[in-house]
There are 2 protein chains.
Amino acid sequence: MVSLPGASPFEVAAIWTVLVIAFFGLAYAMFLRRQVMACDKGTEKMQDVWDGIRLGANAYLKRQLRTIVPLIFVFTVILFLSVYVVPPTAESKLRFVGYSDESLKLIIGFGRAVAFIMGAVFSLLVGQFGMRMAVQANVRVASASRRSFAEALKIAYRAGTVTGMLTDGLGLLGGTLIFIIFGVASPDTLLGFGFGGTLLALFMRVGGGIYTKAADVGADLVGKVEAGLPEDDERNAAVIADLVGDNVGDCAGMAADIFESYEVTIVSTLILGVVLFTQTHELSWIIFPLLVRGIGVLSSIVGTYLVKGNKNDKSNNALKAINKGFYSSAAISITAFGILSYFYLNDWRSFLSVVVGILLAIVLDEITKHFTDGHYHPVKDIAKNSKTGSATLILKGLSYGFEIAVWQTLVIAITIFASVMIYYGQPIVYVLYGVAMTGIGMLTLTGNNVAMDAFGPIADNANGIGELSHLDKDARKIMDSLDATGNTTKAITKGVAIGSAVIAAVALFGSFITDVSKVQIQMGFDKSAQLIETGIRISVPMVFIGLLIGGTIPFLFSSLTINAVTRAAAQIVEEVRRQFRIPGIIERTVKPDYQRAVDICTVSAQRELVPLALIAVLSPILIGALLGVEALGGFLAGVILSGQLLAVFMAGAGGAWDNAKKMIEDGLYGGKGSEAHHAAVVGDTVGDPLKDTAGPALNPMIKVINLVSLLAAPVIIAYQKPGQASVGMFITGAICFVIIVGAITFSKRGGFKKEVFET
Amino acid sequence: MVSLPGASPFEVAAIWTVLVIAFFGLAYAMFLRRQVMACDKGTEKMQDVWDGIRLGANAYLKRQLRTIVPLIFVFTVILFLSVYVVPPTAESKLRFVGYSDESLKLIIGFGRAVAFIMGAVFSLLVGQFGMRMAVQANVRVASASRRSFAEALKIAYRAGTVTGMLTDGLGLLGGTLIFIIFGVASPDTLLGFGFGGTLLALFMRVGGGIYTKAADVGADLVGKVEAGLPEDDERNAAVIADLVGDNVGDCAGMAADIFESYEVTIVSTLILGVVLFTQTHELSWIIFPLLVRGIGVLSSIVGTYLVKGNKNDKSNNALKAINKGFYSSAAISITAFGILSYFYLNDWRSFLSVVVGILLAIVLDEITKHFTDGHYHPVKDIAKNSKTGSATLILKGLSYGFEIAVWQTLVIAITIFASVMIYYGQPIVYVLYGVAMTGIGMLTLTGNNVAMDAFGPIADNANGIGELSHLDKDARKIMDSLDATGNTTKAITKGVAIGSAVIAAVALFGSFITDVSKVQIQMGFDKSAQLIETGIRISVPMVFIGLLIGGTIPFLFSSLTINAVTRAAAQIVEEVRRQFRIPGIIERTVKPDYQRAVDICTVSAQRELVPLALIAVLSPILIGALLGVEALGGFLAGVILSGQLLAVFMAGAGGAWDNAKKMIEDGLYGGKGSEAHHAAVVGDTVGDPLKDTAGPALNPMIKVINLVSLLAAPVIIAYQKPGQASVGMFITGAICFVIIVGAITFSKRGGFKKEVFET
């Protein structure tokens, strides 16, 4: 079945080994799941609280499926039909020798459609399965906390690792399978795979982000600010929705997001690798990145299994244990990469790119910590400004948010520069390949990263269950400590997620140029009209226009998502207020109707998601159809630049406000209930939708736009020869325009009816 | 003296007529000044309050001169010497036939240095003279308010018009003079003129922005929030600094800003016009824009003179009168442009570009109004969110702020598209010329615009003087109404300022490409290495790196300016608190020491200004020296894109919060003192430094960077041939890097000593 012209026996063995590793990673996930499920679920009161969370989570996941499945169906058909517009590439003919053009079309179309479904389903699986696992784990962690810290930590972390290994295993499986079957013809199919994963990640990120912050902000506003209730108070009708939201956002959303980055980096590396392979006839351009990924999975398995609390250590330091696992994985992988490069490649350049990626992850992490961790100057400075009220605290946060965007973006620029240096004197495609390998390096330890991230909502929910079922003080202390660690690990993963998103987007941007040129060459374009020759010139007015419009998209997206959160939060506030007025709720004699708040969040999240997805999918088609492919390249650059700056700004400012509030809650400037605390709560509430909804939504959005561009570009080229205006393209553009305007209107108003405002 | 090869008699007459019109504009300004100065200054009590403002304003202006004059001197020398690195252009030799190379260098170097001084001094004059005029006017307006609305309006508007006509007259004078003397050799000299004006505008914008908001935020925080005093209460030690600040920011800063846009559009139009002239030998590419400007000055004179209150109309509608003047000017200019195009050009394309510019100004204005005016849905929506506290109000503002950035940027994109369509099928330089002409059109009515803007602080200060000297109710009502109108006119001007800044920057970006290529051709570069042939390709990794770094600069700048404001505001808070503790201040038996607060603001503003200016001036040199001119082009595009988005976002959100607060103060949701009002005050305080410091500072910053790039590019090309690394450039880059890092450190800490934070 494998068709690899010129592959050495080692290379054939290597590719099959990688496939086995992928399955092994999945098996490890199932093994851990069984371990976690075998643990006990605690008292009846605990299970009672937990039932609320479980039901809420299930309702969300079910409803999500209902929204998403039809969309998957539509896109599958479109992707299948797209081969009838753009004939299969010359490489496809090389791979499937002897097939007629018609059967080739069928094969490629079918491959692309199935790959899309695979990408989508894998992404969905990671999110849905991971979230169900988290929900199963949280009550077990709460129960174990009554016994020991070490046990509670182990359950929480292993449950998180299930999601982590799913991400790793499925990501590797998909890419490798496609390569084994399609060989040099795989780029076409890989795009389908990438698009499926990215699109689903966008759905889950946006939906999850809106859900979690609508519940959180709503519950906070009405609970803390209005009625003076503590967090996780059982009389607050939104308290269960808030707990469910943590899973929806930080587990389902984040896991799908990282899965997608993991997948997209492999997709863009393989696409660029195939280009280099056709030029140099060395298969290592493709085999090495797959092996790197395989090694990453193995070292994640070892590293994550090492994470357990020390029964004799009473310090309850979960972060130390998690970090030990992480650094073990890192050490194993780098050593293995070195050995592989020495014996297999005889070329250190790819190795260097991978190491740059690992360094990049560490540096981004340090910068994130510096700006958002309470131990450093910026958060202290923000907290200090609470003394003159929330306005100065917010201004300081904005100032530091802008600053972190500067440093993170400069680090990305330096990373690309490193690639230029590593491949100095080589054509651009090498440099782009280097950037893609940096992305591979950055996400080597995805298993550990996702485990750390999914650990967050599990610990958080366990703590909530502990609070609501009134567990004893010792158990609560353990859960509190786990919860705090979870906040830190979540923040760390967020930095990696944004950084890898941009690196992945740059790699895709690179694939865009080579891919478009390939089609242009195939269609017999004049050399002076080929993108690889001309480049994407922002000095051409149309391309500059594309750049400007691209820059607006992240702003538009952020505006709409923030708006969606505040609107849904306002509904939650109304609902909780309504329930507070029911006699007996405040006196604890009547139990609030938690499910209504859960429903409000679920419905809002799903309703808001569709127009946003439409904007992401259709905007590149609009630009490509009306302004041409070079302008579409400018558009992509604009999206990447403004998306990166804005995403980091929002994540940074939000994280810093959050931790400034925590410092004050830990007793600084008068502690809880003080004026300073009130100021800090305002900052935190402003930051919440920025850091957990709008910011993270930009990661998959950037990549959806890039992938749609890659998929649409050949069609655009086919119908719009240089210098020719095409009626078809104009009509396509007009249709996209109308739908986008409709989507914006729908999103802004939360439906098509006009809201009425009092004056 | 004039050397215009092929100029028709009409064209020679036209150019002299434009020069006469420039002087006529200045004479009109002097005439209005005399009218204003002849008015009475009111009671002793009023003059007593006024003396505080006057002294504060003078102290600021004097100290500003002390900081700026040495910098002007340094840059003058650098600009003069630069001709010894880059030899004068071929065009210079055409203009000054028969001169030896050495004398030619002397002529061009001298011309560039003198032009720089002229640009700087003109900008300084507009700011300093305009602000002194505003200070002279405010007490006279207050005094006239005791008699009639019509008289008060007339004095305030005419005083504003003095600044407006100075802007018009000096901008036109400089450009025309340079063209008359240097003819086709003028681009070299024009750059010096543009740079002088822009650099000074940056100084005055940044200094003024920091001053005004440090005083405003400081006074608000301690006065309103802490002690519950009303605005402009005489016991608040920062109250005079606040009044001075309005002049410093809205008059000196804004006037210099618009002067600089006015100047830079003419500079870039003439540079591109000379390129087209050398290609087509038609002088109209240069004469027409100058005539358009001349017509604009004349119609501004007529329009502004028409603005006066109607003594029989008791509605006190100042905006109606001001708008009448504006539309009269607009009608006169468009008619005259049409006639000119018909009889002189026989070509409607330039006319169309100008009309697009006028339309652009109107559309931007409408968008600004839609998002920041209380009569429309967004501000109402923001105000409504005050009911759930300051956090939701701020979130709504952020959401609308992001959205306005989207629409404004799209409008700019459409404008460039219009240029592409108008010059369809022509080379890029025509399109760029069209964009520049759009800038000319947009700023046609600068006289009216600046008048409207300077009217704001005059009315605001008059109202403050009225409050502090306890004028009677009828007079206060008149002043209140003028003040409210001033807020609207200020907001309108702000929209025009940002929009014109971006259009001017795009035109400069265009000049960059043509200018760099000219030097490359002259230096015998291979065709494949010429920028006009290759374009600026973001698909080249180095250029993409430039784009990324360019995108960070506006974020860095905003971070530092916001930080500077909060730091200075905190000092003001400390000072006012200290004075509150002095016995007798609260009881009104002891007068506060207003001058100390004025001093704090003055010193802060000047200290913060230098590092920011260094960053703007050196960052393009750093990029150009280390990454080359094409990457510098990418850098410029990054600066323009992220600068535009961020500037509009900050201005929009800030303006919307401001007016949401005003709506509540006018009685909505409980009015002054209600919970909703507290929430809105927080939003307004957050928005203040965004809309009045950080946002506006980006306008001149974008252009300083563009002009420095234009000036530095030839040097970079001379020392760094393609494919060659140059030690000199590396050292230059390293020096810039060190200074920039130093400047950032200095700016972040407010000095080189480390701040100590409590924990």
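The values are calculated or read from the model by the stated rules, or taken from the named source; none is laboratory data. Worth saying up front: this structure is predicted, and the values here are computed from it rather than measured. For neighbour counting, all protein chains shown are included, and Cβ atoms are generated from backbone atoms with ideal geometry for every residue, glycine included.
Summary of computed values
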| quantity | calculated |
| --- | --- |
| Given (1) under 24 Å from A:Gly634 (Cα atoms); (2) buried (at least 23 other Cβ atoms within 10 Å of the Cβ); (3) not polar (S, T, N, Q), number of the condition A:Pro427 does not satisfy | (2) |
| Failed criterion for B:Arg146 (all others in (1) of a type in the set (D, E, K, R); (2) touching an Asp or Glu at 6+ places or on another chain (Cβ under 8 Å); (3) crowded, with 24+ Cβ neighbours inside 10 Å hold) | (3) |
| Residues (more than 8 Å from chain B (Cβ to nearest Cβ) and assigned to a loop (DSSP other than H, G, I, E, B)) located in the stretch A:524-538 | A:Gly524, A:Phe525, A:Asp526, A:Gln530 |
| Which numbered condition B:Ser353 misses (of (1) more than 8 Å from chain A (Cβ to nearest Cβ); (2) modelled with pLDDT under 90; (3) in contact with a Ser or Thr (Cβ under 7 Å, 6 or more places away or on another chain)) | (2) |
| Residue within the stretch A:251-267 that is modelled with pLDDT of 85 or more and out of contact with any helix residue (DSSP H, G or I) (no Cβ under 9 Å at 6 or more places or on another chain) present | no |
| Qualifying residue in the stretch B:160-175 (condition: out of contact with any strand residue (DSSP E or B) (no Cβ under 6 Å at 6 or more places or on another chain) and surrounded by fewer than 24 Cβ atoms within 10 Å (Cβ to Cβ)) | yes |
| When residues of the stretch B:94-125 are limited to those that are among the hydroxyl-bearing types (Ser, Thr, Tyr) and farther than 30 Å from B:Gly208 by Cβ, the one surrounded by the most Cβ atoms within 10 Å (Cβ to Cβ) | B:Tyr99 |
| Any pair with Cβ under 7 angstrom, 6 or more apart, that starts in the stretch B:662-681 at a residue that is more than 12 Å from chain A (Cβ to nearest Cβ) and without any contact (Cβ under 8 Å) to a residue 12 or more places away in the chain and ends at one that is surrounded by 17 or more Cβ atoms within 10 Å (Cβ to Cβ) and assigned to a helix (DSSP H, G or I) | B:Gly670/B:Ala676; B:Gly670/B:His677; B:Gly671/B:Ile664; B:Gly671/B:Glu665; B:Gly671/B:His677; B:Lys672/B:Glu665 |
| Top-ranked residue in the stretch A:591-628 [being under 30 Å from B:Ile553 (Cβ atoms), within 14 Å of chain B (Cβ to nearest Cβ) and touching a Phe, Trp or Tyr at 6+ places or on another chain (Cβ under 9 Å); ranked as surrounded by the most Cβ atoms within 10 Å (Cβ to Cβ)] | A:Ile623 |
| Of residues in the stretch A:510-568 being touching a helix residue (DSSP H, G or I) at 6+ places or on another chain (Cβ under 7 Å) and among the acidic types (Asp, Glu), the one surrounded by the most Cβ atoms within 10 Å (Cβ to Cβ) | A:Asp515 |
| A:Ile108 under 28 Å from A:Leu445 (Cα atoms) and of a type in the set (A, V, I, L, M, F, W, C) | no |
| Members of the stretch A:1-50 that are buried (at least 21 other Cβ atoms within 10 Å of the Cβ) and at positive phi | A:Gly42 |
| Residue that is without any contact (Cβ under 8 Å) to a residue 24 or more places away in the chain, closer than 29 Å to A:Val292 by Cα and among the charged types (D, E, K, R), where the choices are A:Arg95, A:Arg34 | A:Arg34 |
| The lone exception for B:Val639 - which of (1) among the hydrophobic types (A, V, I, L, M, F, W, C); (2) at pLDDT 90 or above; (3) assigned to a loop (DSSP other than H, G, I, E, B) it fails | (3) |
| Residue check, A:Ala507 within 14 Å of chain B (Cβ to nearest Cβ) and touching a residue at least 12 places away in the same chain (Cβ under 8 Å) | yes |
| Per-region count, the stretch A:510-523, residues more than 13 Å from chain B (Cβ to nearest Cβ) and under 34 Å from the mean Cα position of the chain (by Cα) | 3 |
| Which listed residue, of B:Gly273, B:Gly245, B:Gly294, B:Gly309, is among the small types (Gly, Ala, Ser), under 26 Å from the mean Cα position of the chain (by Cα) and closer than 18 Å to B:Asn448 by Cα | B:Gly294 |
| Matching residues, the stretch A:665-683, being closer than 14 Å to A:Thr388 by Cβ and among the β-branched types (Val, Ile, Thr) | A:Val682 |
| The stretch A:565-582, residues that are in contact (Cβ under 8 Å) with a residue 40 or more places away in the chain and more than 9 Å from chain B (Cβ to nearest Cβ) | A:Arg567, A:Ala568, A:Gln571, A:Ile572, A:Glu575, A:Val576, A:Arg577, A:Gln579, A:Phe580 |
| Of all residues making up the stretch B:287-305, the number that are within 14 Å of B:Val12 (Cα to Cα) and buried (at least 24 other Cβ atoms within 10 Å of the Cβ) | 3 |
| For B:Pro541: the one exception among (1) more than 20 Å from A:Pro541 (Cβ to Cβ); (2) in contact (Cβ under 8 Å) with a residue 40 or more places away in the chain; (3) at the interface with chain A (Cβ under 9 Å from one of its Cβ atoms) | (2) |
| Residue in the stretch B:657-671 that is of a type in the set (Gly, Ala, Ser), over 30 Å from B:Ala497 (Cα atoms), more than 22 Å from the chain's Cα centre (by Cα) and part of a loop (DSSP other than H, G, I, E, B) present | yes |
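One line per residue, one yes/no per condition, for (1) over 21 Å from A:Ser500 (Cβ atoms); (2) free of Cβ contacts under 8 Å to residues at least 40 places away in the same chain; (3) not small (Gly, Ala, Ser):
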site	(1), (2), (3)
A:Gly401	no, no, no
A:Ser419	no, no, no
A:Ile422	no, no, yes
A:Gly425	yes, yes, no
A:Ala436	no, no, no
A:Leu445	no, no, yes
A:Asn448	no, no, yes
A:Asp460	yes, no, yes
A:Ile465	yes, no, yes
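Yes/no per residue for (1) at pLDDT below 90; (2) under 24 Å from B:Arg33 (Cβ atoms); (3) not polar (S, T, N, Q):
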{"position": "B:Val274", "(1), (2), (3)": "yes, no, yes"}
{"position": "B:Arg293", "(1), (2), (3)": "no, yes, yes"}
{"position": "B:Gly296", "(1), (2), (3)": "no, yes, yes"}
{"position": "B:Gly309", "(1), (2), (3)": "yes, yes, yes"}
{"position": "B:Ala318", "(1), (2), (3)": "yes, yes, yes"}
